[in-house]
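Worksheet: the structure to be examined is printed underneath.
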Amino acid sequence: MKGTTVLRFFFFLGIASISNAAMAQIPGIVQAEVDFSDSIRTWDGFGVNYVETSQTYDYSKYAQDYGGFSRLTQDDKRKIIELTFGDDGLCPSIVKMFLDPLHQTTENGPYDHETTTRNMRYFVKEGNKLTNKRGESLSIITTLYSPPAYITKQKKLRGRDIELSKLGCMTDYMADWARFLIKDEKLPLKYISLHNEGESWRRWPADGGADELLDKDGHDYNVYMDPQMVVMTINRLRKSLDKIGLEDVGITNGETTNWYRFGAWNYAKTISRDKEALKNLSLITAHGFYVGGMGSPRWFGPHSNEGTELLRGFRPDLHAWVTSTAWNISEDRWEGDQRHRLYISNAAFLKEIHGNIYEAHCNAIIPWALIQNASHWNKPDPNPGCAFRVYDDGTWEIRKGYYFYKQITRAGRPGMSVVHTAANDSEIALIAFGSNNTKNPNAFVAVNWGKETFKMKIKINGNHSDRYRAYRTSGSEIYVAYETAKQKEPEGENYKQLSDYKVEDGYLYYEIPPMSVTTFFEN
């Protein structure tokens, strides 16, 4: 046929497909591949994170609840928990819980693990019940946000440096929180992570003091840990945990701001040089924020696998988890000489997940806070994207990020395997999970984070069926960090079920809309 190409769409018994002969004539069609027989690594699952007490200096004066459950009725809390952990929800397999620095005020003083964690613990306990109800289990990782003030050299909350003589106090603080979660709360804690972006030394002035007004810089709790301090803490924490009978709780290296810093800033290499730390390390962790361009040099951080693969050279058994990553991308827009920073939730969220899986080589991903009450974060919040937004009047809404995340969490279940994918256009990303002898079907996710429609010819290898159920989320949501006006229902498609697709002669043909994510489940 000359001049024009005719596409014929056939629908038979609910199965939608595009003629192979017609597609073959289309110039410029994206060539892609999913190979379920080519397993790369085991997948541990996707997670969620409820952030409660994250900045306040004095909880009696400012009872911070960034997650917002303190604003909601019991009925609304149950709805959100069902949307998260229920059979038709996100179905996460991992939960992250923070350990804030307000559980103890003086050395050898009593621990209070309840006051500043009420809403977070409620969220996790109810989520654990729903997860167990459907015959699955959660894995919990807890992260030290920062230690109590008396443990720092500055003797202030968010003081920069750990007093070496108090290192045992800090690891005992972490261990007792672990004991509380397991013994008292009956929660399945698996790992303790040592720090939250503790490599980022430029957050403090030269003397390491903490600003008294947090809204001056907007940072959450932090403490500085250089590579050698990480090694020392891994080894000392192992002793603190073993001392109280928690030999099964694993230890991670803490959470650098991105994977690049974990390798390039010498954290992985320092751990590898210490035989005891290398033995005591149970899991590799880092945040998965991506800044790959040269325009933001201070925050430069691509999805590097340098540190992870270095440690796996010594310990091939080590898994790696992303413990925080963005729901959105930011964009500056100008009106005259006024700059406005907008946050955009769209398919780029899934492209960042693709990079963490296929470039950073991780086994699990937990984004930043699932649910947020914007007024409970001291300005500016650098990561305002979320799945649920809570308002001060006690109302709440589902955000676009929820539907984009659901596209991937339903596909990549624990015990499945990450498998090989490819596509010959960088605006297209494919993420695929093989069944790997689990009850879950093979599944793959097609991401178009560009602004034009693409026709795709996807080679399917290692499949058990030629029919696929498909669901799609498309469109964008633009917002600002401190919005107070409620948003309308997210536009576009929101996990919309499509007609089924059929593999013909080894290929699945699909026309993918711009800024969209489509999940295909093998029938």
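The values are calculated or read from the model by the stated rules, or taken from the named source; none is laboratory data. Here the structure is a predicted model, which is why all the values come from computation and not from measurement. Here Cβ is always computed from backbone atoms with ideal geometry, including for glycine, and neighbour counts include all displayed protein chains. With ligands, DNA and RNA removed, areas are computed over all heavy atoms of the protein, side chains included. Shrake-Rupley method; radii C 1.70, N 1.55, O 1.52, S 1.80 Å.
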**Prompt:** Between Asp58 and Arg315, what is the spin-label point distance in nm, taking each point 7 Å from the Cα along the Cα→C-beta axis?
**Reply:** 4.3
**Asked** Between Asp88 and Thr395, what is the spin-label point distance in nm, taking each point 7 Å from the Cα along the Cα→C-beta axis?
**Response** 2.4
**Solvent-accessible heavy-atom area per residue, rounded to whole Å², over segment 148-192 at 1.4 Å** = 36
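Tally the DSSP beta bridges in segment 265-424 and give the antiparallel ones as a percent, rounded to 5.
On the way: 11 of 19 bridges.
Here the antiparallel bridges make up roughly 60 percent for segment 265-424.
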**Item:** Table column - 3J(HN,Hα) (Hz), segment 38-47, Karplus curve with 6.51, -1.76, 1.60, x for Gly and Pro
**Value:** 10, 7, 9, 6, 6, 9, 8, x, 9, x
**Extension reserve of the Asn523-Lys455 stretch, reckoned as 0.36 nm per residue once the Cα distance is removed** = 22.2 nm
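At 10 °C and a viscosity of 1.306 mPa s, what translational diffusion coefficient does Stokes-Einstein give for the chain, taking Rh as the Kirkwood radius over Cα pairs? Give it in µm²/s as a whole number.
This corresponds to a translational diffusion coefficient of 66 µm²/s.
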**Convex hull of Cα atoms in segment 217-298, direction-averaged projection (nm²)** = 6.6
**Request:** Grab the eigenvalues of the alpha-carbon gyration tensor for segment 326-429, scale each by 5, take roots, and send me the semi-axes largest first in whole angstrom.
**Result:** 28, 20, 11
**Prompt:** D for segment 307-357, whole µm²/s, Stokes-Einstein with Kirkwood Rh over alpha-carbon pairs at 4 °C and 1.567 mPa s: what number?
**Reply:** 93
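Of Arg236, Arg118, which has the most accessible area with a 1.4 Å probe, and how do the rest follow in descending order?
The most accessible residue leads, giving Arg118, Arg236.
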**Message:** Considering the Cα positions of segment 102-236, please state its Rg to one decimal place and its Dmax as a whole number of Å.
**Reply:** 16.2, 52
**Prompt:** Probe 1.4 Å, all protein chains in place: accessible area of Tyr290 in Å², nearest 10?
**Reply:** 110
**Message:** Quick check on the chain: of the DSSP beta bridges with both residues there, what percent are antiparallel, nearest 5%?
**Reply:** 60
